[in-house]
Structure formats: structure tokens, C-alpha cells
Amino acid sequence: MRTFSNSASWIIVAGVILAAFWFGYGATERYYLQQLAAQNQSTLRLVASGLQGSLLRYEPLTSLLADKVDVKLLLSNPQNEAQVNRVNQQFRSIAQDIDASDIYVMDLAGMTVAASNYRDKTSFIGRNFNFRPYFREAIQGTSARYFALGTTSLKRGYYFASPVQNGTRAIGVVAIKIGVEEIEADWQGSGADIFVADPDGIIFMASREEWLFKSLNPLSSQALARIKASKRYPIDRLSDLQFDVAASGVADATFATVAVENGSEVYLANQRFMPDAGWTLHVMLPRTLADNRTLTALAVATLVLLLLLLILTFILQRRARLVRDIAAGARAQEQLELRVAERTNDLNIANENLTKEVSERRLAEQQLLSTQNELIQAGKLAVLGQMSAALSHELNQPLTAIKSYAENARTYLKRNKIEQASQNIGHISEMADRMAELGSHLRNFARKPKQAIEAVGLGTVLEGVKNIIGPRLKSENTTLDHSNLDDRLVVSAGRYRLQQVLLNLINNAVDAMSELEKPVVTVFSEIRGDEVALCVRDQGPGLNDKVSKQLFDPFFTTKGVNQGLGLGLSISYNIVQDFGGAITAENHPEGGAVFTVLLKLVDQVEDAAE
Ligand code: ADP
């Protein structure tokens, strides 16, 4: 599309240039033809005034010479050689002074009696010029002038003649001939082609030699006869120039077509008639000069036009590009705004969705919370049920035993078997102790949370534990290795509660190693950052997956009836939680279980805590 419009615009440009050329050519050519015509006119003026000047200069001279006494004396007695010589010499010197070709005097019959060229081979003396019109006119008593090719000299010349009068009678004629070649030589500098045609249209002076004696029009037979009689021009040299004239469109100028060897040449010609002499002066410049100037001017104008068009095209293209850029910018802006609006809309929708989602979440949260509460409630009830079942189980056994011991005791008492009755009562007492123990455990479990937490030295705790567990360890031949326990460490805990935790863990460890011959319980400590890990390790069977999962659940036990309540670890767990610590259990790579209690480190020197 763009290429099309480009090529279309170039076709229009080419058309405009061609049209400008077409219409401009005529006007421009006319302008240059007018210039040529003006040039011709000024050349004409110069040449005409030059010719006129020559004619005027020489014309009065013949009358003056004709009045000379010596001339008249000579014509009175042409045989007087002394007089002839005198006149000859006078004429010779005058001719040199006035730059005339020849000066001579003829008698009534036209015979030359004295001449400035008396010394030359082609001297006029003795020659008769009565055939020349200037002689005939002058002998009639009037001054005459004439142009002709010299019959003796064969040189073209202009003749001025005046009668020599004796009173009112003409006794001879004085003539001055001036050459025209010098005048023609002056024309060469003008650059134009110049010629002078006589009333018959024959060119007798020309800047181009080949045009001499050519006639502008075909000559009539009368004219030819006249020329022949006056011997004005050599008849054999006369020919037609083939000179055609056409209108040029420029005032006073014509197009003159002149035949040349191979074709013809066209000139812009101006002419002027010189009434005194009856001559027509022609000045011509080749028409090609105007054509060339026209073409050059038009070429320059076209180039300028093209340049202007190029500049215009450039400016227009720039403008178009600018407009395009602005439009593109506006489009981009529009699109951006559209996208922003879309995005805003999307965001609004997303926001709405989010708000909706948030309120849904809140609702769900509330539902979850209430579900959780319900679950907690259910969990509590479950725990209560579990606990009730365990308690009734734990209590039922001793109660059943107490009941049977009591009935047995009554039977023994009826039979008066005091000893046995007393034994059974003793058993009842043991059962009551066991139930009391269970009660104390439960009291522990239902302890008041958030009891005071203080700085407790591990050494103090270990001492208390050793005192309590010592007898059991001894009876079961178990070693307590606490060599790696740093007893100077002070942790954040409660002294007796931490003792209880440690006792629980050591008791469990001893329980786990009941099969071993030389069981060893290892208690050690490690500082981990700002915490202390208090670890109890045994060499028992370790913890299987099932046990690991329920270890800290209340009433979970793998021990037989009357051996474990399954409350030790869950109580320990709660106690350590109260300390802000943690309790974990894992299997040792080398066998046995390791229980770790993590507590906050208060100090590394026990004294500081007391
Ligand atoms: P109880 O000692 O009365 O059974 P605990 O809560 O102290 O109650 O322990 C729960 C159970 O965890 C134990 O029955 C036992 O199966 C397991 N357990 C505790 N300590 C160890 C240990 N050191 N090695 C193996 N199993 C252990």
C-alpha cells in the first residue's frame, strides 16, 4: 500500500515536472530568444553606426577633392604629366591619411587620368570606369556612392564619387574607394553572424566569407542584366543562399533558416534598413544558443524543483511519521489505560472474592473452633470415660480382694481362727495402701499447674533421687552411672517435681532391664545452646513403634497388673511442659531407650542459683 502510494506520488511528481517543462519550455525559450534579439539589436546598432560613420566620413571628401585646383587643372590638360604626377602623389598621400583604398580622377569619358595607386601593377590609370553607375551619376553633376567588386583590384569596395565642375559643367569625376574587409574584420568580435545585403538582396559584406555574393532571393533577369552591365559583382559567383524567413514570436526578430552543406542552420535574425545606402543590415545568432540556455535553465529549475520536492517529501514523511508515532503513542496509552482498567476490574473482582473468601474462612474458622470445642469436650469426656474405666479397673481389683479378704476374715473369726483372720485383715490393709497410692498418683496428675519455677541445681536433684531410689537399685543389683552428669548446672524447674520426673525415668529404665544380669542406668547431661539436655539411658529392649506412639498417653502401660498404672510418663510430660521444657524418647543406636528432658539453662555453676 505504501509502495503504491510512493510510486503513485513519484508518477505525479514526474508528471508535474514534465508539465512544467512543457509549459515552461515555450516561455523560457521566448525569454532567451528575446535576449538574443536584444543582443542582435545592440550589435545591429553598433554595426549600423559603424557603417554609417564610414559613409559619412568619406562622403564629403570627394567634393573637397573635386574642388581642388590641381584636379581641375589636370582635367583641363590631362596630357600634362607633371600635373598628373602631382595629383597622383597628392592622392596617394591623402589615401594613406584617410585610410582609403584608392582615390582617383576620371575625365568626361570615364578614363582614369590620375590615381593614388599609380605605382601599383593594378593601377587604375588608363582604365575606363564609365560603366560604373557612380561615374554616370556623378558626371550628371551629383555626388554618388556605390558598392561593387573592383574590376581591377578584384577587391570589394565602396565608392564615393563627386563631379569636378568647371563652372556649371562637369569635366570629370573624383572617386574614393574604401575597402570593406577592415570593417568586416571588426565584426568578428561580436560573436554574431553579420551581413549586409544590397537592394537586390545580394550579400556584399559578410562575417562569413562563404555567404558573399549569395542572394537572399532568387534574382530576376532584369536584376541580373543590370549587375552584368555595371560589373558590380562577378556573375559567375552569384548564387542563391536559400534563406528562409519565418516568424519567431519575438518582436522585430525572425527565424532565418540558412542552407549549409549537410542540412540547414536556424538563426534568430534581426535586420535594419539603411535608407541612405539602400542596404539591409542583418545580424543573426544561432537559435541553438537560446535552446541550450533554455534547456540549461529548465534543467537547473527542474533540479531545484526536485530538490524542493525532496525536501517537501522529507518534511511530509517526517510529519507523517510524527503523526503516526503520536497516534501509536495514543493507541498504546489507550491500551495501557484499558489494561489498567481491566486489571483494576480484575483486582476489584479478586478483592471481592477475597473478601468473600475471608468471610467464608472466618465462618469456617468459627465452625472449626466450635467443632474443636466440641471435640475437646468429646476428648475430655473420652478421657474421663477412659480414666473412669481404668480407675474402676484399678479400684475393683483391690476392692474385690478386700471383699474376699474381709469375708474370709469373718469366717476365720467365727471359727475363732484369730491368726488367719489377722493375716487377712493385714491383706485388707495392704489393699487399702495400694488404693491410697493410686489416690496420691491421681492427686499428682491433678496437680495445680503453673507452680513456681526456680533455678534448680542438677547436683541437688541427683542427690534427692539417689536417696529415694538407692534401696531399689541395691536390691535389684543395678548400677546408676552419673559420671557424665554435670552437677553444677543450674536449670529452670521445680526441685521436687524434677526429682519426680527423674525418678520416673530411672524406675522405667530399671523396669526395662529386669531381665539383665548387670543392668546399668546412665544419667548424663549436655549443654545444647541455651538449654540443658538431661538424659536417662538404659540397655533394655528399647521402644517399638506402637509404644513410641502412645508413650506419653495417660494410663498407657505394657506392664502387668499391679505393676504399672501408665501414668508416670504422662505426669512427667506435663511437669516438663510446666517448666517450659520438653521430653522426648528414642532408641539408642547401640540398643536401649534414651529419654531426654530439655530444660532452660540458668547457669553453669550451682552456687549461683542458691
Ligand atoms: P508404667 O511405668 O506404670 O507402665 P509409664 O507411664 O511410666 O507407666 O510407662 C508407660 C509405658 O512405657 C511402660 O509401660 C513401658 O511399656 C513403656 N516404657 C517406659 N519406659 C520404658 C523404658 N525405659 N524402656 C522400655 N519401655 C518403657
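Taking Cβ atoms as reference points and 10 Å as the exclusive limit, the residues near G110 contribute a net charge of +2, counting Lys and Arg as +1 and Asp and Glu as -1. A simple count of charges around D511, restricted to other residues whose Cβ falls under 10 Å of its Cβ and scoring Lys, Arg +1 and Asp, Glu -1, yields -1. Sequence-distant contacts, meaning Cα pairs under 8 Å at least 6 residues apart, place the relative contact order of the chain at 8 percent.
Helix 418-445 axis versus longest C-alpha principal axis of the chain: approximately 20°, rounded to the nearest ten. Looking at the stretch 152-202, the trypsin sites (Lys or Arg not before Pro) that sit in a DSSP loop and have at most 16 other Cβ atoms within 10 Å of their own Cβ are K155.
Our estimate of slack between L413 and L18, defined as 0.36 nm per intervening residue step minus the Cα-Cα distance, is 126.6 nm. Ranking S42, A66, N77 by Cα position along the charge dipole of the chain, where only Lys, Arg, Asp and Glu carry charges on their C-beta atoms, puts N77 farthest toward the positive end. The length gained by stretching the chain between K403 and Q335 to full extension, at 0.36 nm per residue less their Cα-Cα distance, is 15.0 nm. Protection proxy ranking, highest mean first, for peptides 205-217, 231-243: 205-217, 231-243, where packing is the per-residue count of other beta-carbon atoms within 10 Å, averaged. One Cα centroid belongs to the stretch 286-300, the other to the stretch 92-109; the line between them spans 50 Å. Each peptide in 465-477, 140-152 receives the mean, over its residues, of other Cβ atoms within 10 Å, and ordering these scores from highest gives 140-152, 465-477. Among the listed pairs K121/K214; K559/K600; K72/K177; K121/K231, a Cα-Cα separation exceeding 28 Å is found for K121/K214; K559/K600.
With the highest mean first, a sort of the peptides 494-504, 48-58 on other beta-carbon atoms found within 10 angstrom per residue produces 494-504, 48-58. At full extension, S239 and A109 could sit 43.5 nm farther apart than now, given 0.36 nm per residue minus the alpha carbon distance. Scanning residues 5 or more positions from E454 or on other chains, those with amide H under 5 Å from its amide H are A493, G494, with H placed 1.01 Å from N in the peptide plane. The stretch 161-219 and the stretch 41-67 have Cα centres lying 12 Å from one another.
Charged side chains reduced to their Cβ positions (Lys and Arg at +1, Asp and Glu at -1) give the stretch 513-610 a dipole of some 500 debye around its Cα centre.
In debye, nearest 20, what is the charge dipole magnitude of the chain about its Cα centre with +1 on Lys and Arg Cβ and -1 on Asp and Glu Cβ, if you could check?
Value, rounded to 20: 2360 debye.
Shown here is the pair-distance distribution of the chain: with all Cα-Cα distances grouped in 10 Å bins from zero up to the longest one, the shares run 3, 10, 11, 9, 6, 4, 3, 3, 3, 3, 3, 3, 3, 4, 5, 6, 6, 6, 5, 2, 1, 1, 0, 0 percent. Other residues with beta-carbon under 11 Å from the beta-carbon of G249 carry, at +1 per Lys or Arg and -1 per Asp or Glu, a net charge of 0.
Scalar couplings 3J(HN,Hα) for the stretch 409-414, obtained by applying the Karplus form with A = 6.51, B = -1.76, C = 1.60 to θ = phi - 60°, are 4, 4, 4, 4, 5, 4 Hz; x denotes Gly and Pro. Amide hydrogen proximity for V602: with H placed 1.01 Å from N in the peptide plane, the residues at 5 or more positions away or on another chain lying under 5 Å are V490, V491, S492.
We did not get these values from a lab; they are worked out from the coordinates using the rules stated. The structure displayed is predicted, hence computed values, not measured ones. Neighbour counts are summed over all protein chains in view; Cβ atoms, including those assigned to glycine, are modelled from backbone coordinates with ideal geometry.
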